[in-house]
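Quick notes on the structure that follows.
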Amino acid sequence: MALTSDIVATYKGPSKVIGRFLGQGRNEVRALLFVLIAGLLMFIAAAPYQAREAQLNPEGPLEVRLYWSAFLFIFIVPLLLYVFAGMIWVVSKVARMPISGYQVRFTLFWALLASTPVLLLLGLVAGMIGPGLQLQATGFVWLAVFGWFWISGLISATRTGGA
């Protein structure tokens, strides 16, 4: 299945898609690819806001803003997500949950990647409308979708047990 088809299918039933992915076995390359694609899409989502800020405050040129935004979302955020997934895995071991570190990482990365369509909308709202109720509402929708995907993925992973 194409990645876009998997993302659309996640909006219909996230646990089915995660279950299918995890049923294919451990694939660290796929997990890394998903977090890097998510980082790239997060950078693209941030671009309209960066352009707006560069227009409103010309002290920081757009090129510099985009450079640091790319550095953050493509290099730093994936590293932080690996650390966060490790912390969640430690908490799951303390709570005696039957889930592996790979399953925690993969469900986190997939939830982030699958929720990027809403994140792209959030970037457009931030760039076109700016701060306000619309931006907060869209941010809440993204957070709810991301949480739904991640929690559904974790529940699906605990049903299969740690690998």
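The values are calculated or read from the model by the stated rules, or taken from the named source; none is laboratory data. Bear in mind that the values here come from a model prediction, so they are computed numbers and not experimental data. All Cβ positions, even for glycine, are placed from backbone atoms using ideal geometry, and neighbour counts span all protein chains on display.
Evaluate the range 99-109: report whether one residue or more is in a helix (DSSP H, G or I), surrounded by 19 or more Cβ atoms within 10 Å (Cβ to Cβ), touching a helix residue (DSSP H, G or I) at 6+ places or on another chain (Cβ under 9 Å) and small (Gly, Ala, Ser).
No, that holds for no residue.
Does residue 52 satisfy the criteria of being crowded, with 18+ Cβ neighbours inside 10 Å, more than 23 Å from residue 147 (Cα to Cα) and of a type in the set (D, E, K, R)?
no
Can you tell me which condition residue 26 does not meet? The list is (1) part of a helix (DSSP H, G or I); (2) modelled with pLDDT under 95, and all the others hold.
(1)
Sort out which residues of the range 1-59 are among the hydroxyl-bearing types (Ser, Thr, Tyr) and closer than 16 Å to residue 125 by Cα, and write them in order of number.
Scanning the range 1-59 gives a single hit, 49.
Residue 65 fails exactly one of the following numbered conditions: (1) among the basic types (Lys, Arg); (2) touching a residue at least 40 places away in the same chain (Cβ under 8 Å); (3) part of a helix (DSSP H, G or I). What is the number of that condition?
Only one criterion in (1) among the basic types (Lys, Arg); (2) touching a residue at least 40 places away in the same chain (Cβ under 8 Å); (3) part of a helix (DSSP H, G or I) is unmet by residue 65, namely (2).
Yes or no: residue 60 over 23 Å from residue 149 (Cα atoms) and touching a helix residue (DSSP H, G or I) at 6+ places or on another chain (Cβ under 9 Å)?
yes
Could you check the range 131-163 and list, in sequence order, the residues that are in contact with a Pro (Cβ under 7 Å, 6 or more places away or on another chain) and either more than 18 Å from residue 93 (Cα to Cα) or surrounded by 13 or more Cβ atoms within 10 Å (Cβ to Cβ) (or both)?
Those that are in contact with a Pro (Cβ under 7 Å, 6 or more places away or on another chain) and either more than 18 Å from residue 93 (Cα to Cα) or surrounded by 13 or more Cβ atoms within 10 Å (Cβ to Cβ) (or both): 148, 149, 152, 153, 158, 162.
In the range 17-37, how many are over 27 Å from residue 75 (Cα atoms) and either in contact (Cβ under 8 Å) with a residue 40 or more places away in the chain or surrounded by 17 or more Cβ atoms within 10 Å (Cβ to Cβ) (or both)?
2
Find the residue count for the range 115-130, including only residues that are surrounded by 20 or more Cβ atoms within 10 Å (Cβ to Cβ) and not aliphatic (A, V, I, L, M).
The number of residues fulfilling the criteria is 3.
How many residues are of a type in the set (Val, Ile, Thr) and in contact with a Phe, Trp or Tyr (Cβ under 9 Å, 6 or more places away or on another chain) when one looks only at the range 126-138?
Number satisfying all stated conditions: 0.
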